[in-house]
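Some notes on the structure that comes next.
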Amino acid sequence: MREPRNPFRLRAAEQIESELSFLRLFGPGMLELLSMQQMWERPQILRSAAGGGKTSLLKLFTPSVLLALHANRGHDDVKELYQRLAEFEIVDEDGSKALGVLIPCNRNYANLEDLEFDGARKERLFFGLLNARIVLSMLRACISLHSLTFPRDLDRISLKEGTEFLNGTRGPQPLNGTELYQWAMRHEAVVCDAIDSFDPPDQNLLSGQETVSSLELLKPGVLLLDGSSVAARTVLMFDDVHLLTLQQRTNLFRTFAQLRSGVAIWIAERFEALSVGELLSSGTTEGRDYNVIQIEQFWRRQRKKFENLTANIANRRARAATEVEVPSFEPYLASSLDGAEWQEKSKEILLEIQKRVVEQTTGEVKFQDWLKHEDLTEGTTRDRAVSWRILEILVERERGRSQGAFDFVLPSDDLEERSDSQIRSAAELFIARDYKLPYYFGLPRLAALGSSNIEQYLWLAGDLFEELISATVVRESTLQLNPARQDLIIRRASDQLWKEIPRRARLGERVLQFLDSVGRFCQQMTFLPNAPYEPGVTGIAISMADRANLLDRQYLTSNPDHGRLGEVLAAAIANNLLEPILDYKCKGTMWMVLNLNRLLCPKYWLPLQYGGFKEKRLDELASWLVNGYRVTKKTESLL
Amino acid sequence: MSSVARWSNYVLAAGEDLNSLLRLHCASAERNICVILGQGFDPRMNIGLRSILEAGGTGRRHLILLQFDEGASSPSRFYENAIKQNLADLEKLRNGVCTTESKTVKMWGTDGRRISSHSAANLFSSAKDFADFSDVFLDISALPRSIFYPLLAKLLYLQEKNSREGKHFNLFALVAESPEMDGQIIEEGVDESGDYVHLFRGGTDRTSSTGEPKVWIPILGERQRIQLERLYELVTPQEICPILPSPALNPRRGDDLIIEYRELLFDRLRVEPRNILFASERNPFEVYRQVRKTILHYQKALGPLGGCHPVVSSVSTKLLSTGALLAAYELKQANLAVGIAHIETHGYRIENEQALIEMATRSTLFGLWLSGDCYV
C-alpha cells in the first residue's frame, strides 16, 4: 500500500501494518482506562461506540507489538508507553512477560445460530469452534512471543503433564503444539465448511464442547515451550463481541463469570450489542463478576486527561506525515482572536455593544456604578467587548428580577461577583454568533468536539491537517491555520455528521428529526437574552422514573409513542450521537441527562461545555418525533 | 480448475433484443416457466414478468412472489402505497395467465439479528422444487443484494444438480436498470457492521489461515462511502482492487467516482492507483471476467506464500453485482473460496415518489441466460 499522506486518516488498529508505526501512533494515555488491580482479577468489558479505541488497546497486548515495544524501548516515541507497560508488569528489560491472545469475534459464530439444530447443540458447537480458535490463536501467539517459526516450531510446545483439554470428546488428547494445531484446524474446517455449504450439514461430522475448556491451556504453567512456561501472565482478549448473537454473548459472559480460571479476560464490544434497555441503562451494569469500562463515559469524567491524550495522539500523527514537517500539532492551530487581523473587528464590536448598553441603561440609576467598572476599560479590545456583553446580560437579568423594585444603585463589586467564567463563556458565544466570528477553533475545543471518541477526534484533526498539507503544497507563507479557517472546516465536518445521520443510524430519519429538535430547543434556551443557563444548553434530561418507564414493557404497550421514543434514544446513544449521564441529581430529583454529541453543536452555535440541560417529559419528547420541536409561546415571549 | 472461464461465452440481451430473445425462446417449444420476483415499492418490480408474459408461447406460467418480513420499524414501510400499486399491477398482469405462490423471506431473527441472506438461501432446498419447469427466471429488480446473491447462487447450484440428473432447466436472471432511478432511492440506516453473504464467507473466517493476505475487490457505485468504510472494517484487506464502471453512458462516471472517493481510497485505504480495474457498466460478464482474472492472478502470484483470501463487494448496480456473484460462484465450485462482503440497510427513502414511476418506464430490462440449453 502507499505511504500515508495524511496520517490522521489512518485507523490505528486496522490500517497500520508495521508494529513500530502502530506504537509510534499509540497514545499511552489510553492505558488510563485499565486499572492495575482489576485488570488481572475480574473479566474486563471495554465498551464504546465505534472508534472508541478498543481494538487499538487490545492490539497493544499482542506478542508482535510487545516485542516491537521491547526492541524499541529506547525510541523517544515509545519510551513512555514502555514505562507504563512495565508498571503493569507486561514487559521488563528481559522482554515481554505476557502472552496476549486476541480472538476477533467478527467471524462466523453468529451463523451457527442459523443451523437447524436444537439450542443445546448450537451452544456446544459455539464453544467447540471458539475453543478451536482460541487454540489456534494461542499457538500463533506463543510462537510469535518467542520469535520462532510457525508452524515449524510447534513441536517445541507441550502441555503440562496431566492436562486434559478435550474431556469427553472422541479421539486422543493432543499432547503437543502440532497435535493441538491439527485438532483445532480440522475442527474449524469442518464447522466452516458446514456453514458455507449449499447442502444441509451432516450432523455426525459436527462436534462441540460444553464450555470454554481451552482456558485450561492458558493457565500459567500449563503451556510449555521446551519444558518451561510460555509466559508469566496470559491475557485472553475478545474483540467485537457485539457481533455474537445475543444467546452466544450471554453464554460467554455467564461462562467466564463461573469459570474463574485465573486467566485475565478482556472483552471489547460496541454499544450496538446492547438492547434498548441496556443502552438506556448504560453505566449501571458494573457488578461483582465483571468490570465494565465505558470508554466515552470514562473520558467524560476526566476531560483534561482526554484533552492530553488527544493532543498526544495528534502530535504523533503529525510527526508521521511524509509531506509536511510538523513536530507538534498545537502551534499550527491559532487559538485566539487577539491577533492584529481581528483588531478592527473587535473595535467595531466593542463600540456597538457599548453603545447599545449605554442606551439601554440611560436614565437608570441602579446601573451607574456597573457602567464605571474597571473591566469595561481594561484589557484587550476583545476583552472589553466581552465585558460589555457580560454587563448587557447582567442588566437583562437584573431587569427581569427586579421589576417594580426600588432603583437603588447596584454596587460595582456586585458586577464582579456575578461575572464568573460561565457567564464570560456565554458572552463570548453571544458575540461570536451575533457578529459571525469564529468560535470553534484551537486545540482544547478540537478535543471537546471529539466528544470523547478517538476516531471522531482524528477525523476532525485530519480535516485540519489536510489544510496544513495543502498550505505546504502551495507554499503558503505561514502554515498556521487561522481561527476562521478552523471554524469553517469544523462546521463543514459538523454539517456532514448531521447529513449522514439518516444513513448511519438505525431509524435514521427519526433520529435526525429528534436531534434536530433537541438542537433547536437548546439553541433557543442558550440564546435567551439573560443567558439563564450559561454558557448554554446542550442537552435534555428525563427523570429516572420516566427512564424506568421506557424499560417497562407493560408501560410501553399502553404508550407506544414512548416505545418509539425509547428506540430512537437507544439508536442515538448507540451511535454516540447522544451522550447519556445517569443518576444526575438536580432539584431533588434524579435525572438521565442526554447531551448532544459535541460535533452536533456547531450547527446551532452551541457551546462545548457540559452541564447545561433542560428537563423534559416523555410526552413532549415523543411529540418532537412527529412534529419536531416548536417554540412555545412562553419561550417566544422571552426571545 | 479449468483455465476456460465458465461464462467466457455468454448470452446477455437488453431492451428490445431481450424481448426478441424471449419471444423466440418461448415459441421454440412448450415451456413451463417459473418466475421468481420480489415484492417491493420499486416500480421496476413487474417489468420482467410483463416481458415474459408478453413473449407468448405455450406451457405453464408460474409466479413465486417473495415477500419480505422487514419488521415494524423499517423505513420502507412508508411506501406501503407504492407496494399496493405494484401488487395491483401484478394482479392485472397475472390474472388468469399464471399461477402464483408466495414465499416469505424473514429479514430478522427473533434475537434482532439479520438473517435475510440465510433465509433467501433456504427458500429452495431441493432440485425437485423446479422439476416441473423448463425455465426459471429470477428477477432481481426489486430484490436486495443480500437476498439475490444467495438465492441466485442456490438456483445455479440446484440447476447444476438437476443437470447431473439429466433434468436441467434454463436459468435466467433479469434486472431492470435505471441509473436515474437508483439515484432517487436512498439507502437509510446503514448497518453498523458488514458481514459476509451466506454461502460466500470465503476463507476469511478461518483462524487457521489468519496469515494469508486478503485481496478485496469492491465494485464502486455512487454515494456509498459509509458502506465502503464499514465493509473495509470487516474485510481489513492488504490489497484493494476497486472496479470502476467504464465504459459508461456517462463517460465521466469513473472520474466522478474517483473524485467522490478520493480521500477514502487514497488517503485512508491507500489504494495503489495501478490496482484500479475497469468494466463496462452495462455488461456484468465483463465484471465477472475482471473479478475472476484478478483473483486467479493473485492466487498464482501469492501461491508460493500460501495463497490469499479474495473478497468481492458490490456497492454498485444490481447488474454489475451479478457479475461479481458469478465469479465468486464459479470459483467456489472449483474449491477456491471467495468471500462476498456486504452491508445492509434498514430501509430506503425515495426522493421523489411520483418521479420514480415515470422513471421506471425509461428503465432497460437486461436478461442474463446463465445456464441451460445454450451452454450444453
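What follows draws every value from the coordinates through simple rules; no lab data is involved. This structure is a prediction, so every number in the text was calculated from the model and none was measured. Note: ideal-geometry Cβ built from the backbone for every residue, glycine included; neighbour counts use all protein chains shown.
Sparse packing (at most 14 other Cβ atoms within 10 Å of the Cβ) combined with a DSSP loop state is found for the following GluC sites (Glu not before Pro) in the range A:346-388: A:378. Cα axis of helix B:80-94 to longest principal axis of chain B: angle in degrees, 0 to 90, nearest 10? Helix B:80-94 and the main axis of chain B meet at about 50 degrees.
Expressed in nm², what is the orientationally averaged projection area of the convex hull enclosing the Cα positions of the range A:387-515? All intermediate terms of the calculation are to be shown ahead of the outcome.
On the way: hull surface 50.0 nm².
Result: a mean projected hull area of 12.5 nm².
With neighbour counts taken as other beta-carbon atoms within 10 Å, the residues A:467, A:269 rank, fewest first, as A:467, A:269.
Could you compute how fast the range B:37-185 diffuses translationally, taking Rh as the Kirkwood radius over C-alpha pairs and applying Stokes-Einstein at 37 °C with viscosity 0.692 mPa s? Give it in µm² per second.
Details: Rh = 16.4 Å.
The estimated diffusion coefficient comes to 201 µm²/s.
For chain A, what is the percent of antiparallel DSSP beta bridges, rounded to the nearest 5? Each step should come with its number before you reach the end.
Values: 20 of 44 bridges.
Antiparallel bridges make up about 45 percent of those DSSP assigns within chain A.
Remark: mean inter-chain Cβ contacts per residue of B:179-190 equal 3, using a 10 Å Cβ-Cβ cutoff to other protein chain atoms. Taking a ≥ b ≥ c as the square roots of the Cα gyration tensor eigenvalues, with a/c under 1.5 meaning rounded and otherwise prolate when a/b beats b/c, else oblate, which class fits the range B:1-105? In terms of gyration-tensor shape, oblate.
When B:89, B:139 are sorted by how many other C-beta atoms sit within 10 angstrom of their C-beta, beginning with the fewest, the order is B:89, B:139.
Here the sum of -39500 (n - 2.57) over DSSP H runs of 4 or more residues, divided by the residues of chain A, equals -15000 deg cm²/dmol at 222 nm, to the nearest 500.
Which distance in Å, rounded to a whole number, links the C-alpha centroids of the range B:220-284 and the range A:345-415? First find each Cα centre; the distance between them is then 59 Å. Partner shielding of B:110-117 amounts to 4, given as the average count of beta-carbon atoms from other chains within 10 Å of each residue beta-carbon.
Once the Cα atoms are used to define both axes, helix A:560-574 deviates from the longest principal axis of chain A by about 80 degrees. Across the range A:515-578, the convex hull enclosing all Cα atoms gives 100 Å³ per residue.
Cβ crowding within 10 Å, taken as a proxy for footprinting-reagent exposure, orders B:359, B:45, A:590 from fewest neighbours to most as A:590, B:359, B:45.
Measure nothing fancy, just the Cα-based angle from helix A:483-504's long axis to the longest principal axis of chain A, in degrees from 0 to 90, nearest 10. Roughly 50 degrees between the two axes. Applying 1/(1 + (r/R0)^6) with r as the Cβ-Cβ distance of residue B:362 and residue B:131 and R0 = 41 angstrom yields a FRET efficiency of 0.60. Put a dot 7 Å past the Cα of residue B:160, heading toward its Cβ, do the same for residue A:355, and the two dots end up 8.3 nm apart.
Answer rounded, prolate or oblate for the range B:250-292, using the Cα gyration tensor with square roots of eigenvalues a ≥ b ≥ c: rounded when a/c is under 1.5, else prolate when a/b is larger than b/c, else oblate. Oblate.
Considering only the other residues whose Cβ falls under 15 Å of the Cβ of residue A:223, what net charge follows from Lys and Arg at +1 and Asp and Glu at -1? Mind dumping the intermediate values first?
Values: positive: A:97, A:140, A:156, A:160, A:219, A:233; negative: A:153, A:155, A:161, A:164, A:179, A:216, A:226.
Result for the neighbourhood of residue A:223: -1.
log₁₀ I(q)/I(0) of the protein assembly as shown at q = 0.05, 0.07, 0.10 Å⁻¹, via Debye over equal Cα point scatterers, no solvent, to two decimals? The calculated log intensity ratios at q = 0.05, 0.07, 0.10 Å⁻¹ are -0.36, -0.69, -1.31.
Normalising the Debye intensity of the range A:14-117 to I(0), with uniform scatterers on Cα atoms only, and taking log10 at q = 0.14, 0.18, 0.24 Å⁻¹ returns -0.60, -0.92, -1.49. Peptide B:225-237 is shielded by partner chain Cβ atoms: per residue, an average of 3 of them sit within 10 Å of its Cβ.
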